[in-house]
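So the structure is just underneath, and the comments pick up after that.
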Amino acid sequence: MAEERAKGRVRRTPRPRGTGTGASRRRGREPKLTRSRPRGVVAATTGLLGLSSTRRAAVLALVVCALALTVVVPLRNYVAQRQELAAVSQQQQNLAAQVDALTQEKVRLSDPAEIEAQARSRLGYAMPGEVPYVVQFPQAPAAPEENAASGAPWYRALWREVSAGSP
């Protein structure tokens with residue numbers, strides 16, 4: 001019989017259907033009694049698809065884990081790409097601000113009067129016939145109390161001044 005079933009020769013006869021709806025039939029169904037060798041008659045724990053409830057729970061957990069893993073990787077990629085997009089757009093805004101500042105600087109430096117003012121102040125240039133003067137303010141001398149307060153002998157203070165060079 002098993003060989004004929006494997007080859008597809010055995011015909012299955014449909015089971016008679018009950019009078020109630022499918023849901024009410026399942027709720028009121030009694031467990032099937034099976035015979036086991038050492039114990040006698042035992043209630044069968046097989047349910048949907050011939051699996052026990054613990055096996056069904058294990059299969060369900062496996063399916064949920066598989067679904068979670070298939071969702072996690074694309075979600076992680078999506079979040080990483082959104083963060084990268086935000087960083088790139090911020091960098092683009094910074095570069096646009098720099099371009100605006102440099103454009104304004106270019107317009108400012110295209111004026112010949114500004115170039116002349118920069119040459120006079122930065123490089124010390126003067127027009128022909130002008131006499132440039134450079135004013136240097138004197139530096140305040142170091143207080144002699146500093147040497148006495150440090151407790152160092154006078155010759156070390158002198159050596160420090162000589163090795164530092166003249167101001």
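What follows draws every value from the coordinates through simple rules; no lab data is involved. Since we're looking at a predicted model, the values are computed, not measured. Positions of Cβ are generated from backbone atoms using ideal geometry, with glycine treated the same way; all protein chains shown enter the neighbour counts.
Quick rundown of the values:
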item	result
Rough spin-label spacing in nm, given labels placed 7 Å along Cα→Cβ, for TYR155 and CYS65	8.5 nm
Segment PHE137-LEU109, length gained on full extension (0.36 nm per residue, minus Cα span)	7.0 nm
³J(HN,Hα), Karplus 6.51/-1.76/1.60, whole Hz, each residue of the range 88-93, x for Gly, Pro	5, 5, 5, 5, 5, 5
